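Engineer: Below are the structure tokens for one structure; questions will follow.
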């Protein structure tokens, strides 16, 4: 069991972070030197900012909820309750929601589409790799779990939860701070937008 746990942790933590940086950093660089064509303080401008806040809130809350259930059990137990009863990969699902929320804050359809494309290209292979390792770790239990619970998009009709649940506070605290970058990204992008509006940052592209 230990021989399988080590590559699992190495891939899911280090590999996933590298992949995320690989496609998000270039998108951020584009945003850094671009500005949206949507009129400021218009209906679309306000609507996109509002939806952005809502999606970031849902994404971060969902990540913390999912992390609560998996803290300390990532390879030792197969978690099938809470968010894991409605979706096999709730951390990825809620991360996806939060990232789309951050992309919407740019108010550039181009960047939103780039984020969607990047996620669609890179993350299915990450999820499949993890599921292969989980199958090695948990065998038939994981097979049965896969038969009844969807891989990515939640089915809330399946929701179950225990009356009590024990988790590792140290791991949850780490995950809590890891999730804070989603929240910090919002004011950072607002600052960058204001720097563009006041011509402090150069704008080389105007994008829809």
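Engineer: Between rounded, prolate and oblate, where does the stretch 124-174 land on the alpha carbon gyration tensor, with a ≥ b ≥ c its root eigenvalues, rounded for a/c under 1.5, else prolate if a/b exceeds b/c?
Structural biologist: Working: a/c = 1.66, a/b = 1.24, b/c = 1.34.
Since a/c reaches 1.5 but b/c is at least a/b, the shape of the stretch 124-174 is classed as oblate.
Engineer: Helix-only estimate, please: 222 nm mean residue ellipticity of the chain, summing -39500 (n - 2.57) across DSSP H runs of length 4 or more and dividing by its residues, to the nearest 500.
Structural biologist: On the way: 7 runs with 137 residues, N = 208.
Helix contribution divided over all residues of the chain: -22500 deg cm²/dmol.
Engineer: While we're looking at this one, here's another question. Please determine, in degrees from 0 to 90 and to the nearest 10, the orientation of helix 43-70 with respect to the longest principal axis defined by the Cα atoms of the chain, where the helix direction is its Cα long axis.
Structural biologist: On a 0 to 90 degree scale, this one is about 20.
Engineer: Measuring from label point to label point, each 7 Å out along Cα→Cβ, what is the residue 78 to residue 147 span in nm?
Structural biologist: Calculated label separation equals 1.1 nm.
Engineer: As an exercise, find the ratio Rg/Rh for the stretch 39-191 from alpha-carbon atoms, using the Kirkwood inverse-distance average for Rh.
Structural biologist: Numbers: Rg = 17.1 Å, Rh = 16.8 Å.
On the Cα set of the stretch 39-191, Rg over Rh gives 1.02.
Engineer: How far is helix 169-197 tilted off the main Cα axis of the chain, in degrees rounded to 10, range 0 to 90?
Structural biologist: 10 degrees
Engineer: Give me the number: length gained by fully extending residue 172 to residue 25, i.e. 0.36 nm times residue separation minus the C-alpha to C-alpha distance, one decimal in nm.
Structural biologist: Working: separation 147, 0.36 × 147 = 52.92 nm, distance 2.62 nm.
Full extension from residue 172 to residue 25 adds 50.3 nm.
Engineer: Another question, if that's okay. Rank by packing, highest mean first: peptides 128-141, 56-69, 162-175, with packing defined as the count of other Cβ atoms within 10 Å averaged across residues. Write out the running numbers ahead of the final one.
Structural biologist: On the way: 128-141: 14.7, 56-69: 19.2, 162-175: 11.3.
In descending order of packing, they fall as 56-69, 128-141, 162-175.
Engineer: For helix 16-32, report the angle its Cα long axis makes with the longest principal axis of the Cα atoms of the chain; keep it between 0 and 90° and round to the nearest 10°.
Structural biologist: That helix lies at roughly 10 degrees to the long axis.
Engineer: Under a crude label model (7 Å from the Cα following the beta-carbon direction), how far is residue 136 from residue 113 in nanometres?
Structural biologist: 4.0 nm
Engineer: Tell me, in nm to one decimal, what length is gained between residue 64 and residue 121 on full extension, where the rule is 0.36 nm per residue of separation less the Cα-Cα distance?
Structural biologist: On the way: separation 57, 0.36 × 57 = 20.52 nm, distance 2.51 nm.
Extra length available between residue 64 and residue 121 comes to 18.0 nm.
Engineer: For residue 155, project a label point 7 Å along Cα to C-beta. Then give me every residue of the stretch 75-107 with its amide nitrogen under 13 Å of that point.
Structural biologist: It comes to 85-88, nothing else.
Bear in mind these aren't lab numbers, they're just calculated from the coordinates by the rules spelled out. Quick caveat: nothing in here was measured; it's all calculated off a predicted structure. When we count neighbours, we look across all protein chains shown, and the Cβ atoms used for this are built from the backbone with ideal geometry, even at glycine.
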